[in-house]
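Any read-out appearing in this document is the output of simple, stated calculations on the displayed coordinates, not a laboratory observation. Predicted, not measured: the structure shown is a model, and the values here were computed from it. Cβ coordinates were reconstructed from backbone atoms using ideal geometry, including for glycine residues, and neighbour counts include every protein chain displayed.
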Amino acid sequence: MSEQGTGSGGAPEERVPAMQRLLDNPFLLLFLGVATPAVLYLLWGVMELSQIPLAPQ
Amino acid sequence: MAVDAQAPSRGFLGASFRTCPETGLKVCSQAEALIKVNAVVAVVFLAVGGFFGLLVALTRWPAVHLLPADWFYLLLTAHGADVLLFWIVFFEVAVLYFASAIILNCRLAAPKFAWLAFVLMVVGAVLANVAVLQGESSVMFTSYVPMQAAPHFYLGLIVFAVGTLIAVCCFFGTLVIAREERSYEGSVPLVTFGAITAAIIAVFTLASGAIILIPTFLWSIGYISHIDPLMYKIIWWGMGHASQQINVSAQVAIWYAVAAMLLGAKPLSEKVSRMAFLMYILFLQLASAHHLLVEPGVSSEWKIFNTSYALYLAVLGSMIHGMSIPGAMEAAQRRNGFNNGIFEWLRKAPWGNPAFSGTMLSIVIFGFLGGITGVIMGTEQLNLIMHNTLYVPGHFHATVVGGTTLAFMAITYLLVPLIFRKEIMFKKIAQWQPYVFGAGISGISLFMMGAGTLGVARRHWDIGFSDAAMSFDYPATAFLMMGLNGISAICAAVGGLMFVLVVVCSVFFGKARTPESIAASPTLPSTGSAETVTTYGSEAHPKLPGTVVLVAVFFVAFVLYYYVNWKYLSEVWPLS
Ligand code: HEM
Ligand SMILES: [Cu+2]
């Protein structure tokens with residue numbers, strides 16, 4: 001139950017926990033938030049569709 | 001670090017600031033102006049779209065059956081677009097500017113682009129409305145191919161989306177400025193974090209929208225010969241569903257904001273709440289797959305992974321917020337001295353303040369009516385008993401209207417005095433508004449779900465099948481449900497009208513806030529609320545017996561309703 005997470009300034013040399021560094025980085029979050037659904041929902045879904053054989057003409 | 005003197009104005013697009021007399025915050029004049037115009041346009045679309053919703057509901061009331069079939073589908077399309085896209089997104093852009101420039105105390109990035117974004121959004125929204133009202137684009141909200149709308153319908157949506165993307169970029173730019181100018185210390189406050197979540201989901205939403213709408217536009221003008229319907233559905237729902245998660249994130253951020261502003265409530269644990277938002281960022285968008293649960297052509301693995309395993313992590317996030325906001329309120333109220341018994345903190349909360357009552361109703365309606373039913377419909381097996389019935393609009397009116405719209409209304413009661421610096425007019429009407437609107441919306445939600453449980457289809461002009469080749473009889477209760485739905489729709493429309501009346505009159509004709517009126521009725525009652533909402537930090541040692549009881553009630557309701565639906569399902573296939 002450390003209280004480091006309160007971000008009350010603290011000494012700058014203090015090691016910031018990895019999770020907090022992730023949450024403090026909006027652009028890393030942006031990457032994760034776009035890549036996750038792009039792979040798991042869009043890509044995976046579209047791959048399944050493209051494997052459906054076409055009906056013979 | 002509030003500046004005490006107004007910086008000299010630097011022309012129309014320069015960064016100038018005023019110091020807010022109520023909060024002491026430094027307010028960027030560009031951000032303020034953009035919040036105003038986006039919010040005003042949002043309310044216009046709510047008024048127009050809400051009116052269309054009333055007409056649609058009156059048509060579905062068998063005894064009234066107001067509109068002819070073509071107008072029904074036309075106005076149903078206009079209703080969906082005006083409220084779910086234009087009202088919500090314009091307001092969200094205002095929320096993004098508020099949560100960045102205002103809460104972080106810094107200037108808005110690239111105001112010229114923010115104005116460009118606004119103009120594009122207005123042009124796109126008007127164009128799409130013109131297309132729909134001309135009558136050649138009654139494709140409804142989902143605009144599934146091979147139904148084809150007029151080219152300017154798609155073009156309008158694309159222009160609107162481009163504008164929104166620019167606005168989202170201005171938001172991210174503002175975050176960068178705030179960090180560089182050190183306008184905050186450590187981590188961003190939770191409300192801003194919620195807005196970051198919304199903006200991230202918006203980027204995925206807009207990307208999916210571009211991938212699908214641009215080819216569809218080209219198809220409508222004849223450049224592309226064919227668009228695969230299932231491909232369309234998958235990518236379209238990457239936009240259509242994910243955009244609802246922007247709403248959820250923005251609305252939760254507002255819940256935290258109102259709790260902080262009105263009660264001085266700090267999050268119980270900022271860390272836990274941020275983790276809950278992280279669950280949204282990672283998993284909420286995957287739930288798009290719940291719209292394809294009955295689709296052949298995609299595997300059960302894909303469906304179940306995206307709608308169950310992954311989604312439940314996001315639902316966990318929602319439940320964390322749902323507990324931690326009432327918990328934060330309880331902790332703050334107990335700190336403020338309402339410490340008797342289990343529920344004094346709740347009884348003595350400011351129920352007469354529409355910002356508070358609107359927020360509470362939003363939490364309750366979203367959680368109990370919207371959230372539980374969403375999890376049920378998102379379960380592959382259970383989905384079969386309500387797919388494409390009125391249960392679906394019943395569910396999402398609880399989420400996007402009872403939840404998001406009501407939350408946006410609630411914070412508007414704070415934005416009018418703080419940003420527009422006008423007194424709220426018609427205080428009594430304002431006081432009743434969230435209750436009237438909330439009751440109406442709960443009614444339409446419950447009665448549409450009731451009708452859906454009886455099998456009544458959504459988007460269906462005539463449940464009497466009067467001119468159909470094969471007749472079909474719904475049980476009489478279904479007709480009763482549709483009548484009750486119509487009555488609730490009138491109630492909701494009255495509540496919506498009350499909101500529009502209060503807000504429009506206050507903004508355009510209201511008395512300006514003066515130092516005396518601010519002293520007499522401060523918008524933020526407890527001292528330190530402004531600081532609570534603009535800084536990072538958690539409640540110290542909360543004891544929350546009341547919240548524990550509320551959460552227990554929620555779980556019991558959840559579990560019971562979940563099993564009731566499995567029971568319904570078991571009756572669909574009699575095995576004996
Ligand atoms: C006075 C308030 C409102 C009333 C009475 C109302 C009523 C209705 C009704 C009766 C339907 C048609 C259901 C069907 O036949 O399938 C509908 C559809 C819909 N409503 Fe509302 N609504 C209201 C407000 C809103 C708001 C504020 C939103 C969004 C924030 C919203 C979003 C939608 C959407 C997306 C649809 C589906 C359109 C489609 O199927 O293409 N409604 N509404
Ligand atoms: Cu969805």
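Assorted remarks:
- Approximate spin-label separation residue B:487-residue A:49, in nm, with each point projected 7 Å along Cα-to-Cβ: 4.5
- Inter-chain Cβ neighbour average for residues A:42-53, partner chain, 10 Å: 6
- For the protein assembly as shown: Kirkwood Rh in Å [reciprocal of mean 1/r, alpha carbons]: 25.1
- Karplus-derived 3J(HN,Hα), 6.51/-1.76/1.60, for each residue of segment B:114-126, Hz, glycine and proline x: 5, 5, 4, 4, 4, 4, 4, 4, 5, 4, x, 5, 5
- Segment A:40-57 - phi-based ³J(HN,Hα) in whole Hz, Karplus 6.51/-1.76/1.60, Gly and Pro as x: 6, 9, 5, 4, 4, x, 5, 4, 5, 4, 6, 8, 6, x, 6, 5, x, 6
- Working note: 222 nm ellipticity from helices only, DSSP H runs with n ≥ 4, each -39,500 (n - 2.57), summed and divided by the residues of chain B, gives -21000 deg cm²/dmol to the nearest 500.
- Over the Cα atoms of segment B:1-154, the radius of gyration divided by the Kirkwood radius equals 1.14; this is the Rg/Rh ratio.
- Cα→Cβ-extended label distance, 7 Å offset, between residue A:19 and residue B:71, nm: 5.7
- q = 0.28, 0.30, 0.31 Å⁻¹, segment B:182-229: log10 I(q)/I(0) [Debye, one scatterer per Cα]: -0.96, -1.01, -1.04
- Straight-line reach from residue B:266: taking Cα to Cα under 18 Å and skipping same-chain neighbours fewer than 8 places apart, the lysines in range are B:543.
- Site pair residue B:472 and residue B:63 shows an inter-label distance of 2.5 nm when each label is modelled 7 Å from Cα along Cα→Cβ.
- Temperature 37 °C, viscosity 0.692 mPa s: under these conditions the Stokes-Einstein estimate for segment B:336-518, based on its Kirkwood radius over C-alpha pairs, is 180 µm² per second.
- Between residue B:299 and residue B:211, full extension at 0.36 nm per residue minus the direct alpha carbon distance yields a gain of 29.4 nm.
- Candidate lysines - alpha carbon under 29 Å from residue B:428, same-chain residues fewer than 8 apart omitted: B:36, B:348, B:511
- In this structure, residue B:423 and residue B:344 have a Cβ-Cβ separation that, at R0 = 41 Å, corresponds to a calculated FRET efficiency of about 0.85.
- Using Cβ point charges alone (K and R +1, D and E -1), the dipole size of segment B:336-518 about the Cα centre works out to roughly 780 debye.
- Gain upon complete extension [residue B:508, residue B:226; 0.36 nm per residue less C-alpha separation]: 96.6 nm
- With only the Cα atoms considered, chain B has a convex hull volume of 160 Å³ per residue.
- Stretched out straight at 0.36 nm per residue, the stretch from residue B:465 to residue B:351 would grow longer than its current Cα-Cα span by 36.5 nm.
- Those aspartates and glutamates that a straight Cα-Cα span of less than 15 Å connects to residue B:303, excepting residues fewer than 8 apart in one chain: A:48, B:295, B:380
- Amide H contacts of residue B:150 (H built 1.01 Å from N, under 5 Å, at least 5 apart or other chain): B:137
- With a 10 Å cut-off around each Cβ of A:19-31, the average count of Cβ atoms from other chains is 5.
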